[in-house]
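Remarks on the structure that follows.
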C-alpha cells in the first residue's frame, strides 16, 4: 500500500483512503444491543490498527527493495535471453537448482565441507565421487550418517547458507511454475514459506507421489534426490519429521534411484511439465561430475537449456551436454546471473517482490473477517472474529518488527 493508495474491499463498506494519513472508515451498521456495538467497535479498531501496520510494513519494504536494474547486460552472452524470457512468460521454463550455490565465505561448498568433516569422524567419504563409503557394516554406517545429516540440515546449514538463500530469494521473485532442487537441503521450501508465497513442496521418497499440477499461482518445488528431513507426505506429525528421511549419500543409493521407474523418480505432473518445457535453466549443477550428466538421462530433457556455473567445464563435458542435451554452459557468478535474469524479468513485468505475498494474504484474511463481522450480531461469533483478527495483528506486528 504505497503512499496515497486506495483499497475498497468487497461490498465497499470498508474504505481505505490515503493510508499515510490513516483516513480509514469501517461501517458495520446500527445495532441496539450495547454489547454488540462494543464488540463491533473493537473489530473496527483492530481492523484499523492492522491496516495501518500493514501500510507501515509495506512502506519499509518498498524503501528497502532494490528494484532490479539491467547492469552488466553483456555478461553471459552465451545465453539467449529473449528465448529464455519468452519461455518464462508463457510458463514453459523449468529451473533446476544445484547444491553448488551454497558456499561459505571462501567459496567452498557447504555440502562438501560437511561431508568432508563427517569423513573425519569415523566415516569414510569419497571426495572424488562425492559419496560416503559403506564401511564394514553398511547398516550401521547409514544410521550414523543420517544422524549427522539430520542434525546439520535441520539447524547449522540454514545459518551458514547466506548466499544460497539470497539466490533462492531472487529466483522466488520470478514466476516459475516448477523449481527442481538437486540439493539435499530444503532452502527453496523455507524461502517460500517464510515469505508466505503459495507453493506445494515435495521430495522424492522412493514411492509414487500424487502431486498438484505446477502453476505460477501455486508453484511446485521438488527435491529430485530426496531430503534428509523426509518427504512432506511422510510427515503425519512434526515430531516424526526426521523418522523417514530419504537421502542419497552412497553409490548403492544412487544405483537404486536409477533403477526406479520414471513415475517414481518424477511424479507425473512434473514429468509432463519437463516434457512440455521450451527452455531449461540449470544453476549450481556441476556437469563435470559423472552422476549429474547421468541424471540428465533420467530427466529426459529435450528442449534447449542454459547452465550457470562459476568455473569452466572440462571441454569434453561441455561438448557432451551441448550435443547430448542441448545445454549451453555459461561461466560466471551465480548471484550476478540471477540478478541479470531478474532485471530482464522486471522489464517484462515478470517480477513480484516477496513481501507482497504477506500483504495480499493478510488483506484478504482481514476482509474475510470483516465480512463475517458485518453479517452477525451474535456476541460469541463476534468474540471469535476478534480473536482471529488479533492473531492477524500479532503476525503483522511480528513481520514489522523483523523487517531485515
The one condition in (1) touching a strand residue (DSSP E or B) at 6+ places or on another chain (Cβ under 9 Å); (2) assigned to a loop (DSSP other than H, G, I, E, B) that residue 149 fails to fulfil | (2)
Look through 336, 322, 352, 302 and report the one residue that is in contact (Cβ under 8 Å) with a residue 12 or more places away in the chain and in a helix (DSSP H, G or I).
-> 336
Return yes when residue 128 is closer than 25 Å to residue 180 by Cα and part of a loop (DSSP other than H, G, I, E, B) and no when it is not.
-> yes
Would you check if there is a residue in region 333-343 being crowded, with 18+ Cβ neighbours inside 10 Å and over 28 Å from residue 190 (Cβ atoms)?
-> no
Filter result for residue 139 (modelled with pLDDT under 90, surrounded by fewer than 14 Cβ atoms within 10 Å (Cβ to Cβ), more than 30 Å from residue 305 (Cα to Cα) and not assigned by TED's automatic domain parsing to the domain that holds residue 328) | yes
Any chance region 73-87 includes a residue that's free of Cβ contacts under 8 Å to residues at least 60 places away in the same chain, in a helix (DSSP H, G or I) and surrounded by fewer than 15 Cβ atoms within 10 Å (Cβ to Cβ)?
-> yes
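Can you give me the ranges of the helices (runs of 4 or more DSSP H) entirely in region 213-283 with at least 1 residues that are modelled with pLDDT of 95 or more and touching a strand residue (DSSP E or B) at 6+ places or on another chain (Cβ under 7 Å)? I'd like the intermediate steps shown before the answer.
Numbers: elements: 251-259, 262-265, 268-276.
Here the list reads 268-276.
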Which listed residue is surrounded by fewer than 16 Cβ atoms within 10 Å (Cβ to Cβ), in contact with a helix residue (DSSP H, G or I) (Cβ under 6 Å, 6 or more places away or on another chain) and on the phi < 0 side of the Ramachandran plot, from 390, 379, 347, 360 = 379
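The values are calculated or read from the model by the stated rules, or taken from the named source; none is laboratory data. The model shown is predicted, which means the values in this text are computed figures rather than measured ones. Neighbour counts are summed over all protein chains in view; Cβ atoms, including those assigned to glycine, are modelled from backbone coordinates with ideal geometry.
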